[in-house]
Amino acid sequence: MTAATAPVDPSHAFADFLACLEEADEYGAIEVATGLLDAGVPAERVLLDLVVPAQIEVGERWARNEWSVAQEHAATHISERVVAAIAGYADPRPTRGRIVVACMDGEWHALPPRLVAEVLRLRGWQVTFLGASVPAAHLVSYLHRHDAYAVALACALPMRLPYAHRMIEACRRSDVPVVVGGRGFGVDGRWARRLGVAWAADAPGAADLVADERALRRVPPADLSHLADHEYAGLVKRRSELIDSAVAELRARVPSVEDYTSAQWDATVGDLGYIVDSLAAAVYVDDPVLFTDFVAWLVTILASRGVPDTAVASTLGHYGHALRDFPRAGRFVALGAAATVATGGVRH
Ligand code: B12
């Protein structure tokens with residue numbers, strides 16, 4: 001792909017761009033993007049109509065096991081370079097206050113908030129992008145030192161919501177208005193509402209929100225009275241024990257796991273932990289949908305890697321038994337088990 005052949009229509013450019021990501025053709029990808037800019041397509045549109053859908057497609061291909069983790073990493077790296085090239089090309093000068101954009105602690109999806117950061121920059125804000133996994137205490141001391149007008153926090157994984165909430169509260173104590181976004185808050189931002197924080201669906205939404213300080217601060221308070229049952233705290237306390245007992249149960253039920261490679265064990269133990277973390281997050285926001293969505297996603301991911309849905313169902317059976325003193329979590333686990341059947345049923 002050369003600049004001379006780069007098409008002007010973003011929908012055509014999309015296919016070319018994706019092909020460059022597939023072949024790890026960094027220079028070709030940059031040429032497609034800058035070709036659009038040269039043709040007069042605004043930088044914001046190139047970010048949102050080219051890079052965003054391409055990254056979403058990258059995720060779908062990884063999820064279907066069509067692309068390896070290495071291919072996904074290469075593609076994401078190229079998208080990051082493309083975003084930098086678009087930012088360099090547009091080179092806007094700030095005329096408005098400083099907005100700090102950061103990922104929640106433990107959150108490694110830095111590209112989505114980077115896209116948000118660039119759109120805010122294009123709209124005239126002075127943006128400081130802190131990148132992936134910023135510890136809450138460091139973020140807060142940064143906000144103190146640099147006179148931030150607002151902070152935009154990203155969370156891509158719903159299982160990280162309890163940590164997200166702690167971070168939001170820490171920023172609030174510094175009296176800096178917070179806007180959050182990312183898939184972690186649910187497609188319609190329902191879990192942001194539960195946590196009592198302003199939410200934007202996408203980068204333009206975030207730009208509109210920060211331009212209206214009253215709207216940013218006028219958010220109904222968090223609705224977390226259900227935490228009084230201490231189930232969330234109990235789940236966090238029992239996390240390691242639950243995972244260890246699930247491993248022991250798996251060994252007893254499926255003797256062939258003894259032949260697992262260390263990479264297979266890592267993945268299995270990781271998944272067992274994700275199940276507990278998603279359950280805990282669902283209990284935190286008191287929404288079983290968070291957990292059933294996660295279970296459906298896990299069943300689909302594992303199926304594309306040859307693992308039967310009964311594997312997840314058996315582990316949920318084990319967790320359900322271990323958590324019989326946790327009525328709310330137990331109900332969510334039962335709904336999760338039903339979701340394995342529904343998801344498996346769709347496939348067969
Ligand atoms: C690249 C990628 C990674 C990279 C991230 C590198 C980087 N520099 O960003 C790496 C390899 C680190 C990674 C790791 C993991 N990932 Co990942 N990843 C992706 C992928 C393919 C693309 C992310 C992206 O750039 N999307 C494009 C953006 C622009 O889209 P978006 O997130 O929807 O963002 C829009 C809005 O949500 C909003 N928005 C987003 N952020 C913010 C922030 C603010 C403040 C605001 C206002 C708005 C906003 O605006 C955006 C533009 O409109 C996605 C697939 C996908 N569909 O997104 C999976 C995906 C997010 N990852 C996923 C998973 C599961 C993981 C891992 C758990 C995998 C594993 N087993 O290790 C780990 C978790 C690591 C961690 N603790 O954070 C799942 C999440 C599924 C779920 N339901 O929870 C996804 C959806 C893949 C999939 N299809 O299954 N991942």
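Here are some notes:
- Complete set of residues in region 32-66 that are within 16 Å of the ligand (Cβ to nearest atom), in contact (Cβ under 8 Å) with a residue 12 or more places away in the chain and over 21 Å from residue 114 (Cα atoms): 63, 64, 65
- Filter result (touching a strand residue (DSSP E or B) at 6+ places or on another chain (Cβ under 9 Å), open to solvent by 70 Å² or more (accessible area, probe 1.4 Å) and not in a helix (DSSP H, G or I)) within region 211-231: 218
- Close pairs (6 angstrom Cβ cut-off, 6 or more residues apart or separate chains): in the same structural domain as residue 106 (by TED's automatic domain parsing) in region 148-165, charged (D, E, K, R) and more than 11 Å from the ligand (Cβ to nearest atom) anywhere: 148/98; 149/98
- Residue, farthest from the ligand (Cβ to nearest atom), within region 67-83, restricted to residues that are under 17 Å from residue 114 (Cα atoms) and not hydrophobic (A, V, I, L, M, F, W, C): 81
- Answer residue from region 102-128, given it is open to solvent by 40 Å² or more (accessible area, probe 1.4 Å) and part of a loop (DSSP other than H, G, I, E, B) and is farthest from the ligand (Cβ to nearest atom) among those: 123
- Checked against the criterion of being without any contact (Cβ under 8 Å) to a residue 24 or more places away in the chain and not polar (S, T, N, Q), the candidates 134, 127, 180, 187 yield just one match: 187.
- Inclusion of residue 92 among residues that are open to solvent by 20 Å² or more (accessible area, probe 1.4 Å), part of a loop (DSSP other than H, G, I, E, B) and not charged (D, E, K, R) is warranted.
- Residue 86 being within 16 Å of the ligand (Cβ to nearest atom), farther than 30 Å from residue 298 by Cβ and assigned to a helix (DSSP H, G or I): yes
- If the condition is being within 11 Å of the ligand (Cβ to nearest atom), open to solvent by less than 20 Å² (accessible area, probe 1.4 Å) and in a loop (DSSP other than H, G, I, E, B), then region 135-163 contributes only 155.
- Tally of residues being of a type in the set (Phe, Trp, Tyr) and closer than 14 Å to residue 160 by Cα across region 183-201: 2
- Exactly one residue out of 72, 31 is buried (at least 20 other Cβ atoms within 10 Å of the Cβ), of a type in the set (Asp, Glu) and not in a loop (DSSP other than H, G, I, E, B): that is 31.
- Any hit, region 94-101, residues being free of Cβ contacts under 8 Å to residues at least 40 places away in the same chain and more than 10 Å from the ligand (Cβ to nearest atom): yes
- Residue within region 181-196 that is near the ligand (Cβ under 9 Å from one of its atoms), in contact with a strand residue (DSSP E or B) (Cβ under 7 Å, 6 or more places away or on another chain), outside the structural domain of residue 283 (by TED's automatic domain parsing) and among the aliphatic types (A, V, I, L, M) present: no
- Sole residue being of a type in the set (Asp, Glu), open to solvent by 30 Å² or more (accessible area, probe 1.4 Å), over 30 Å from residue 279 (Cβ atoms) and assigned to a helix (DSSP H, G or I), chosen from 169, 80: 80
- Per the conditions (1) without any contact (Cβ under 8 Å) to a residue 40 or more places away in the chain; (2) under 13 Å from residue 74 (Cβ atoms), the sole criterion not satisfied by residue 29 is (1).
The values are calculated or read from the model by the stated rules, or taken from the named source; none is laboratory data. These numbers were taken from a predicted model, which means no experiment stands behind them. No Cβ is skipped: glycine too gets one built from the backbone with ideal geometry, and neighbour counts run over all protein chains shown. Please note that ligands, DNA and RNA were not included when accessible areas were found on the heavy atoms of the full protein model with its side chains. Shrake-Rupley method; radii C 1.70, N 1.55, O 1.52, S 1.80 Å.
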